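Here the structure comes first, spelled out in structure tokens, and everything after it is commentary.
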Amino acid sequence: PASLGVDVGGELVGDRQGVLRVVRGQDRVDAGGVRCVGESVLDLVVASGGSPTVIIKSTIPVGYTARISRRYPDLHILFSPEFLREGHALDDNLHPSRIVVGVTGPQDEGAARRFAELLAAGAEDEDVPTLVMGSTEAEAIKLFANTYLALRVSFFNELDTYCEVRGLDTADVIRGVC
């Protein structure tokens, strides 16, 4: 049975087979630039001993997981992006379009598959497409999924403006385009 350590006020609770931390922002700036809250948690995990699996769910720059894995070689760090629409987080978790888990090396593929199985078990849909790949590729998927969504919003805003200026029925044009 899997067990998770939980960060509670700077203390790790549980037997630390795994640590799941949701990063919400930045906590300090160091000589290398901005350091996120998650790195402070990783410092705590390393200080607690062992070599647990850490799963990053936050949107991060491409290459971050590989870089942080080099800094914390005793940890098994996975990246698993979320694909959640605003206002639909619960529904999107219950009905995911796909599950992506990135690893920094083949030694973590087993842990990645187990984590993907946990996510799939929590979904209401059967046969959710699951991709286990390099962490940098998983980060790029998240980057370009976000970029694609931003482009779609911009495209339809421009389409609407075009139709409005020319007195066209926007809904009819969208139906024809899509």
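The values are calculated or read from the model by the stated rules, or taken from the named source; none is laboratory data. A quick note: this is a predicted structure, and the numbers were derived from the prediction, not measured. Methodologically, a virtual Cβ is constructed for each residue, glycine included, from the backbone with ideal geometry; neighbour enumeration extends over all protein chains shown. For accessibility, only protein heavy atoms count, side chains too; no ligands or nucleic acids. Shrake-Rupley method; radii C 1.70, N 1.55, O 1.52, S 1.80 Å.
What to note about this one:
- Projected label points at Asp91 and Leu143, each 7 Å from Cα along the beta carbon direction, are separated by 3.1 nanometres.
- Per the Debye calculation on region 59-178 with a single equal scatterer at every Cα and no solvent contribution, log₁₀ I(q)/I(0) for q = 0.09, 0.15, 0.19, 0.21 Å⁻¹ amounts to -0.37, -0.77, -1.01, -1.13.
- Summed over the residues of region 96-178 and divided among them, the accessible surface reaches 65 Å² per residue at a probe radius of 1.4 Å.
- For Phe156 and Val62, the difference between the fully extended length at 0.36 nm per residue and the C-alpha to C-alpha distance is 31.1 nm.
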